[in-house]
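**Q** Quick one: structure below, then a few questions.
The values are calculated or read from the model by the stated rules, or taken from the named source; none is laboratory data. Since the structure is predicted, the reported quantities are computational estimates derived from the model, not experimental observations. With ideal geometry, Cβ positions are generated from the backbone for all residues, glycine too; neighbour counts draw on all protein chains shown. To get the accessible areas, we keep the full protein, side chains included, count just its heavy atoms, and leave off ligands, DNA and RNA. Shrake-Rupley method; radii C 1.70, N 1.55, O 1.52, S 1.80 Å.
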Amino acid sequence: RLFKFFLNMADKIIVNSKAMQKEFQKVLDLKSVLIYNPIENKKIIQEKSKRKIKIKFFQKKYLNILTIGRLVKQKDHLTLIKSLEFIDTNINYRLLIIGSGEEKEKIQNIIKGKNLSNKVKIIKFQDNIYPYIKYADIFVLTSKYEGLPNVLIECLALKKIIISTNCKTGPSEILKGGKFGKLIKVGEYKKLGQVISNIKYNLNYHNQIAKKGHKSIYRFDYQENCKKYLREIKKIL
C-alpha cells in the first residue's frame, strides 16, 4: 500500500519491460510507460570487444562458458556450478565467472570441493566486459530474478549463444520467448548441463539463432530510447 501511495504521486511511471508493466497494472492497478534500457551503440560495443585481454583461460580447444554478475544469491551461481557435472564427459570446457560480492568465498569453496579449480575461474568485474563476451562460446545467466538484464542485450549485440533462466522479469522478453536463446527453469541445473552439451554438438545451429537475435537489438537502441524518455518528459512539462 505504501509503495502504491508514493507511486500515485508520480506524474509518470516508466518501466523497462513488458512483464513489469503488466505487474504494475495487475498488482497495483497503475498505468506505466514502457521504455527499454538503452545500451551503447552496436558499433561501439563491437569496437570495445576487439581490445586485447590478458587472461589466457579461454582457448579454442575448450568450450568456453561465461557468466557475468554480482556474486550474490540472486544470481544463483550455484546452479551453474552444479550443472557442470551434467555436461557430457567428452566435452572439455572452461567456465569463467566475472564478478564480486558477498558469495565469493562460498562459491570458491564449492569450486575447490568439487575439484573444479582447473576448469572454473573467478575474476573481478571488468570495466570492459566485451572482449570476454566475444571470446566466449556460450553465455549463461542463472538468476532467480532480474529487472531487464542488460548483459543479455550486450550478448545479443555480439551475436553470442545465450542460455538463461526464465526468471521474472526480462530474459524471456529479451530472447523473445526462446527464439534468440535457450530458456530453462530457475534452479534446473541438470537441464542446464544437458543444454550446454547439446549446444556444443550443434554449435552452427545455435550460432545462427544468435545471429537472428543480433538483428533484434534495435529495440534497445540508445538514441531511440533516449528520444522516448524526452517525449515523455515533454508531455508533463
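**Q** Helix 222-236 versus the longest principal axis of the chain: what is the Cα-based angle in degrees, 0 to 90, to the nearest 10?
**A** That helix lies at roughly 20 degrees to the long axis.
**Q** Let me ask you something else. Of Lys82/Lys159; Lys43/Lys73; Lys43/Lys82, which pairs sit farther than 30 Å apart, going by alpha carbon to alpha carbon?
**A** Lys43/Lys73; Lys43/Lys82
**Q** Could I ask something else about it? Roughly how many Å is it from the Cα centre of region 94-152 to that of region 1-69, as a whole number?
**A** 18 Å
**Q** Hey, another quick one. Which chymotrypsin sites (Phe, Trp or Tyr not before Pro) in region 183-237 sit in a loop by DSSP (not H, G, I, E or B) and have at most 14 other Cβ atoms within 10 Å of their own Cβ?
**A** Tyr201
**Q** Go through 34-41, 79-86 and give me the packing order, highest mean Cβ count within 10 Å leading.
**A** Per-residue Cβ counts within 10 Å, averaged per peptide and sorted highest first, yield 79-86, 34-41.
**Q** A further question follows. For the chain, which whole percent of the accessible surface, found with a 1.4 angstrom probe, sits on carbon and sulfur atoms?
**A** Here it works out to 50 percent.
**Q** Using a 1.4 angstrom probe, figure out how much accessible area the chain has per residue, in square angstrom, rounded to the nearest whole.
**A** That works out to 58 Å² for each residue.
**Q** Calculate the FRET efficiency for Asn109 and Lys144 from the Cβ-Cβ distance with a Förster distance of 25 Å, rounded to the nearest 0.05.
**A** Taking R0 as 25 Å, the efficiency between Asn109 and Lys144 is 0.75.
**Q** Same structure again: For q = 0.10, 0.11, 0.12 Å⁻¹, what log10 I(q)/I(0) does region 53-176 give under the Debye formula with an equal point scatterer on each alpha carbon and no solvent?
**A** Result of the Debye calculation: -0.28, -0.34, -0.41.
**Q** Next question, about the same structure. How long is the gain from Phe5 to Gln126 if the chain were fully straight, where each residue apart is worth 0.36 nm and the alpha carbon distance is subtracted?
**A** Additional length available on full extension: 39.6 nm.
**Q** Now a separate question. Simple spin-label model, 7 Å along Cα-to-Cβ: Ile53 to Asp221 in nm?
**A** About 2.9 nm, to one decimal.
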